[in-house]
Amino acid sequence: MQRSNLTGVLSLSIAASANVGRTVSSIFSGESQSKTCPRCKLLRRSERIRERHAKESSMVRRKRLSADAERHRKSRKLENKEDSKNRKKRDALRHRSRRERVESFLHVEMDSVIVSYGYLGRMDCKCRHCGALHFKCEIASGRKDEYKQCCHYGSVEIPPLLPYPDEMKVLLQAADVDGRNFREHVRNYNSALAIALLGVQIAASTTRGPYCFRIHGQIYHLIDALHSGADQRAQYGQLYILDLTLTLQERMGNVGNYRCNENIMKLLGNVMTGISPFAAAFKMMHEVEQEEIHRSEKEKRAPSSVRMIFDNNCRMRDQRRYNLPRAIEVAAVFIEDNGEVPKYRHVAVHPRGQNLQTISILHPHCDPMTYPFLFPHGD
C-alpha cells in the first residue's frame, strides 16, 4: 500500500514538473503572451486580412473598395464635430506612424548600401587658347595646357563678348523698386525690345509647384516685315523705325506689358536703339526706302523693291547684279530693279505685306534677335 502511494506521488510530481517546464518555456518563447496579448491578436488578424486581400481578384477588390468607401461616407455623415475631430486626429497619427515605418526602412536599406565616390581634384587647369577651366585628367597625352572639349586645341576661335551695358547691370543688381520690377518682369521687357519673336504653343501645367515653361510641339523664331499691316500695331523690329516717344507709347500700350515700368522701358529702349546692330539695320532699311521713294518721285517712275538681307558675309558676296547696297556688320539693304532677291539670303526683311519669316535656329543672328538682354550688342 505504501509502495503504490509512493508511485502515485512520484508520477504526480513528474507531471507537475513537466507542466512547469512547458509553462516556463512558453513564457520565454512568448507563446502564452501571443495567445492572450491584445496587440498580438490584432497583428494576427491583420496578417490574415492581408493574406485574404492578396488572393482576391481585381473585380472583387474593386467591389470591396467601393463598399468600404460607401460605408465610410455614411459613417462620416452621422458623426458630429467632436467625432470628426477625433477621427482626423486618429487618421493623422496613423499616417504619421506609417511614414515613420517607411522612413526607418529606407534608412536601413540606404545604410546597407556602400556608395563609391571619386575625386577629380580642382578644376583649375586653364586652356591657353580660350581660357576655359578643366580638370587635370582631361588633358590629352602629348598636349600641354590645351584641350579638345572647349576649342578643339585652339582651332575654334570665339571672339570675346563686348562689355555689358552699365544701365542693364544696375537694373540686374539693384535692390530698389526699379531693380525688382525689372527682374520680376524681365521676360516682358525682353519681348518688348526683341527684333524677332518666339513662336511656341505653351502647355498649361497640370501639377502644383514651381513654375515650369512647358511647350507643346516645335519652337519657331520669326521675323516680321519693316512696316505693320493696316489694322495692326507695330511690334518687334518695326518699333525701331518710329520716333522714340511713339515707340514708348506702342510698347506700353501692349496689354502684356501692363506691369512694366514706363521709365525702365524708356531707358532700355534708348540703350538698345544706341547699341543694337539690328535696330540700326532696320533704321538703315527705312532710310533707304524713303530715299528710293523720293528718288522715284523726282524721276517719275515706280519705286524699286527694297530688301534687307541678314547675312554675316553680305559684304563679301558678288553684288554686281544689285545697285550699290548699303551694308553694316549684320545686314545689307538691296535695291532691285527686277524684284529679285539674292539667292544666298539667310533672312530677308520685306517692306510690307509679307508673312512672318522663320529664322533657322542655326542662324548666328537667331538668339541675339530673340534675346536682346543676353546679347545686347548682337555678338
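Grouping the Cα pair distances of the range 221-277 into 5 Å bins from zero gives a pair-distance distribution of 4, 18, 28, 27, 17, 7, 0 percent in increasing distance order. Between L162 and M123, the contour length at 0.36 nm per residue exceeds the alpha carbon distance by 11.4 nm. The distance linking the range 148-220 with the range 356-379 is 12 Å (Cα centroid to Cα centroid, whole angstrom). Going by a ≥ b ≥ c, the root eigenvalues of the Cα gyration tensor, does the range 166-275 fall in the rounded group (a/c under 1.5), the prolate group (a/b larger than b/c) or the oblate group? Note, shape of the range 166-275 comes out oblate.
Whole number please: convex hull volume per residue, Cα atoms of the range 116-216, in Å³. Intermediate values should be presented prior to the final figure.
Values: hull volume 27.5 nm³, N = 101.
That works out to 272 Å³ per residue.
Could you rank the peptides 57-65, 195-203 by their average count of other C-beta atoms within 10 Å per residue, with the highest value first? Write out the running numbers ahead of the final one.
Values: 57-65: 10.0, 195-203: 16.4.
Output ranking for 57-65, 195-203: 195-203, 57-65.
When each of L226, L93, L78 is scored by the number of other beta-carbon atoms lying within 10 Å, the sequence from fewest to most is L78, L93, L226. Listed by chain and number, the lysines placed with their C-alpha closer than 25 angstrom to that of K77 are K63, K85, K88, K89; residues fewer than eight positions away on the same chain are left out.
Values quoted throughout were computed directly from the atomic coordinates according to the rules given, and no laboratory measurement underlies them. Since the model is a prediction, treat every value here as computed from it, not as a measurement. Using ideal geometry, Cβ is built from the backbone for each residue, glycine included, and neighbour counts are taken over all protein chains shown.
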